[in-house]
Amino acid sequence: MSLPAEKNELLQQGAEWITISDDEYPIKLKEIYLPPLVLFYKGNIEWINETIIGIVGARECTEYGKAVVSKLVPPLVDKGIIISSGLAKGIDSYAHSTTIEGNGKTIAVIGTGLDRYYPLSNYDIQKKIENEHLVVTEFPIGSKPLKHHFPLRNRIISGISEGIIVVEAKKRSGSLITAYQALEQNRQVYAVPGSIFSKLSEGANDLIKSGAKTVNSPKDIIEDLIYKF
């Protein structure tokens, strides 16, 4: 699809776009390796240059993982920090919904076109985020949820954020891809320790052994941001 045709399609759907040459393009994203040349979005694009923390984790998360998100998000939101994630099942979706419930701001970075809702079980929350918050993608209208889209999406989650919190992750998972991309982008990586008996905690625990900052409370993150800014 040509750019004019794409723009017409976006406008019909209440969406917009910015290019890397536009003033609105996120400053932090310009710093990363291979920044997306175009961002398609629905919502308030101005938020993307504010203070953002990404939260990612297991799709099949446990009650422990949900409890961690419930503990971390409200104090961050109270400080005006925006929560970004990838709108996947599990920790991602819970991070978005907990932020919304706490009257905070959230940014969803998706691996499809703006006309797709994936997974379909997240249709309602994606609708709410695009209407009241911000949904961003580098993929044009009509793009399907192809497997290789999601590692690309992950670099945007970390790229727009000051740091990434990993809450439950297997040894091989998309959350760890996001964490490693964050390290490459010179972002802070935080990891929540978990049970040594849980496979869902192996990845996060390994990150801590590799030098990620252990998160025991929201204060661990807030103090970093206060020092940085």
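The values are calculated or read from the model by the stated rules, or taken from the named source; none is laboratory data. All of these numbers come straight from a predicted model, not from anything done at the bench. Every residue, glycine among them, receives a Cβ derived from its backbone with ideal geometry; neighbour counts consider all protein chains shown.
Miscellaneous remarks
- Residue match in region 1-18 (condition: closer than 28 Å to Leu176 by Cβ and either buried (at least 19 other Cβ atoms within 10 Å of the Cβ) or at pLDDT 95 or above (or both)): no
- Test: residue in region 86-98 that is of a type outside the set (S, T, N, Q), buried (at least 24 other Cβ atoms within 10 Å of the Cβ) and in contact with a Phe, Trp or Tyr (Cβ under 6 Å, 6 or more places away or on another chain): no
- Which numbered condition Ala179 fails, given (1) surrounded by fewer than 21 Cβ atoms within 10 Å (Cβ to Cβ); (2) in contact with a helix residue (DSSP H, G or I) (Cβ under 8 Å, 6 or more places away or on another chain): (1)
- One residue alone among Lys71, Lys89 is within 16 Å of the chain's Cα centre (by Cα) and either assigned to a loop (DSSP other than H, G, I, E, B) or closer than 22 Å to Ala169 by Cβ (or both), and that residue is Lys89.
- Residue match in region 162-170 (condition: farther than 24 Å from Asp224 by Cβ, within 13 Å of the chain's Cα centre (by Cα) and part of a loop (DSSP other than H, G, I, E, B)): no
- Any chance Tyr64 is farther than 24 Å from Ser195 by Cβ and not aliphatic (A, V, I, L, M): no
- Residue that is farthest from the chain's Cα centre (by Cα) [pool: residues in region 179-202 that are outside any helix (DSSP H, G or I) and of a type in the set (A, V, I, L, M)]: Ile196
- Test: residue in region 218-229 that is under 20 Å from Leu29 (Cα atoms), in a loop (DSSP other than H, G, I, E, B), touching a residue at least 40 places away in the same chain (Cβ under 8 Å) and of a type in the set (A, V, I, L, M, F, W, C): yes
- Verdict on Ile129 being touching a residue at least 12 places away in the same chain (Cβ under 8 Å) and either of a type in the set (S, T, N, Q) or not in a loop (DSSP other than H, G, I, E, B) (or both): yes
- Long-range neighbours under 9 Å by Cβ, at least six apart or interchain, first residue surrounded by fewer than 16 Cβ atoms within 10 Å (Cβ to Cβ) within region 184-209, second among the hydroxyl-bearing types (Ser, Thr, Tyr) and assigned to a helix (DSSP H, G or I): Glu184/Ser158; Pro193/Ser201; Ser195/Tyr64; Ser195/Ser201
- Close pairs (8 angstrom Cβ cut-off, 6 or more residues apart or separate chains): on the phi > 0 side of the Ramachandran plot in region 143-170, of a type in the set (A, V, I, L, M) anywhere: Glu168/Ala58; Glu168/Val68; Glu168/Ile91; Glu168/Val192; Glu168/Leu200; Glu168/Ala204
Yes/no matrix, rows are residues, columns are (1) closer than 23 Å to Val73 by Cα; (2) at pLDDT 95 or above; (3) surrounded by fewer than 20 Cβ atoms within 10 Å (Cβ to Cβ):
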position: Lys105; (1), (2), (3): yes, yes, no
position: Val109; (1), (2), (3): yes, yes, no
position: Leu114; (1), (2), (3): no, yes, no
position: Tyr117; (1), (2), (3): no, yes, yes
position: Asp124; (1), (2), (3): yes, yes, yes
position: Lys128; (1), (2), (3): yes, yes, yes
position: His133; (1), (2), (3): yes, yes, no
position: Gly142; (1), (2), (3): no, no, yes
position: Pro145; (1), (2), (3): no, yes, yes
